[in-house]
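Q: This is the structure, below, for whatever I ask next.
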Amino acid sequence: MQHILYAGNRADWPGYRAALPPLLAARGIEARLAPDIPADQVNYIIYAPDGPVQDFSAFPGLRAVFSLWAGVEKIIGNASLNVPLTRMVDAGLAMGMRDYVAAHVLRHHIGMDTHIHGQDGQWRNTVFPPLARDRSIGILGLGALGANCGAALAQFGFRVTGWSRTRKNIAGIACYSGDDGLKTVLETSEILVLLLPYTDNTHHVLNAETLAQMRRGSIIINPGRGGLVDEAALLVALERGDIGHATLDVFQTEPLPADHPFWAHPRVTVTPHIAASSRPETCAEVLAENIARSTHGEDLLFQVDRSAGY
């Protein structure tokens, strides 16, 4: 019998209670799943950083912690955690992120805002957008989410380049790494998508220096992590026209304060951290597989490399 403590958002508990037990049973695993199990009986924790568990030393029989979030920056430094930690990469999260990124890339590609917000009774000849094959899209971060988004954009016909800490080989994406590779992607991208994990090395990856390397008038889309962008430097670049527009779903402070300049800026679109979410029905598939793998002594899916920070 495996004892699994659910320590995520209480509002999502009914979904996990319904979805996970049948998946475990199908894998031959007898389990008790509950939001309240005596600490000395807990074998696994399904965890969210804003959930009730912060001190893992209280669980002597703990074998692994399965985070429900894609980002692990809020847990990776927890000194009380000394068992394997996994992050969530599930089909629902990947599809949601793909849809958000594709929608906003296409929005900026065809200049949709001009027509939506410019209906003033005047019929004007406007510049036709280029075909997708003539538009350069850059993606910073080629993990599961970045690679999936890049592949989708490549299917539209966009010229897609991507950058990651280590060199990747992904069909349809020209992949780069290292400082020179980052410079190449910044200089060539007309629309830049940020999907890097947040670590000490990626903090403010877009700053005054790197923003200056981008094409004048280029577009930034950030559905990744708020800390990837130096917000003060971005505001300066927007005011100068160096950056044409920024569509931002994540911020250094959330919720975004009501008096933040982003809200009223004509070159900024604010969305309230809704690009993608982990859904119980798809997360449960990953959780069940990882519990089965741990039970059988196999490698876990999406195990966090603490030295790398993700």
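Throughout, read-outs are computed from the coordinates displayed, never taken from laboratory work. What you see is a predicted model, and the numbers here were worked out from it, not measured in a lab. Every residue, glycine as well, gets a Cβ built from its backbone with ideal geometry; the counts of neighbours run over all protein chains shown.
Q: Place a label point 7 angstrom from the Cα of Q155 along the Cα-to-Cβ direction, then list the residues of the range 99-143 whose backbone nitrogen is under 16 Å away.
A: 99-106
Q: Mind checking the full-extension length gain between S277 and A212? Use 0.36 nm per residue of separation minus the Cα-Cα distance, one decimal, nm.
A: Fully extending the segment from S277 to A212 adds 20.2 nm.
Q: Placing unit charges on C-beta atoms (Lys and Arg positive, Asp and Glu negative, everything else neutral), compute the dipole magnitude of the range 92-270 about its Cα centre in debye, rounded to 20.
A: Values: 15 positive and 17 negative charges, 136 e Å.
Once rounded to the nearest 20, the dipole reads 660 debye.
Q: So, one more: Quick one: dipole size for the chain, taken about the Cα centre, charges +1 on Lys/Arg Cβ and -1 on Asp/Glu Cβ, in debye to the nearest 20.
A: Here the size comes out at about 680 debye.
Q: May I ask you to sort I4, I37, I291 by Cβ crowding, counting other Cβ atoms within 10 Å and putting the fewest first?
A: On the way: I4 23, I37 18, I291 26.
Ranked by crowding around the Cβ, least crowded first: I37, I4, I291.
Q: Pull up the DSSP beta bridges for the range 61-216 and report the antiparallel fraction as a percent, rounded to 5.
A: 5
Q: With r defined as the distance between the Cβ atoms of N9 and N78 and R0 fixed at 25 Å, what FRET efficiency is calculated, to the nearest 0.05?
A: Working from the Cβ atoms, E equals 0.85.
Q: I want to verify a result. In a Gaussian network model of the chain, Cα cutoff 10 Å, which of these has the top mean-square fluctuation: R293, R107, R124?
A: Residue with maximal mean-square fluctuation among R293, R107, R124: R124.
Q: On to the next question. Give a residue-ordered list of calculated ³J(HN,Hα) values for the range 179-188 (Karplus: 6.51 cos²θ - 1.76 cosθ + 1.60, θ = phi - 60°; whole Hz; x for Gly, Pro).
A: Those phi angles translate into 4, 5, x, 4, 4, 4, 5, 5, 6, 9 Hz.
Q: Further question: Which FRET efficiency value, to the nearest 0.05, is calculated for Q122 and W263 with the Förster distance at 22 angstrom and r the Cβ-Cβ distance?
A: Values: r = 29 Å, r/R0 = 1.30.
The value I calculate is 0.15.
Q: Of the beta bridges DSSP finds with both residues in the chain, what % are antiparallel, to the nearest 5?
A: 5
Q: Between T253 and H115, what length comes free when the chain is fully extended (0.36 nm per residue of separation minus the Cα-Cα distance, one decimal in nm)?
A: Stretched out fully, the T253 to H115 stretch lengthens by 46.5 nm.
Q: Same structure, new question: What distance in nm separates the two pseudo spin-label positions at M1 and A34, each 7 Å out from Cα along the beta-carbon direction?
A: 0.9
Q: How do L142, L301 line up, fewest other C-beta atoms within 10 Å first?
A: L301, L142
Q: If a/c stays under 1.5 just call it rounded; otherwise compare a/b with b/c (prolate if a/b is bigger, oblate if not). Do that for the range 92-270, with a ≥ b ≥ c from the square roots of the Cα gyration tensor eigenvalues.
A: Note, shape of the range 92-270 comes out oblate.
Q: Here's another thing I want to ask about it. Quickly work out the R167-to-N201 label distance, labels modelled 7 Å from Cα along the C-beta direction, and quote it in nm with one decimal.
A: Reported label-point gap for N201 and R167 is 1.6 nm.
Q: Cut-off 10 angstrom, C-alpha nodes, Gaussian network model of the chain. Which of V286, V42, V185 fluctuates the most?
A: V42
Q: Pick from S80, S277, S164 the residue whose mean-square fluctuation is largest in a GNM of the chain, springs joining Cα atoms under 10 Å.
A: S80
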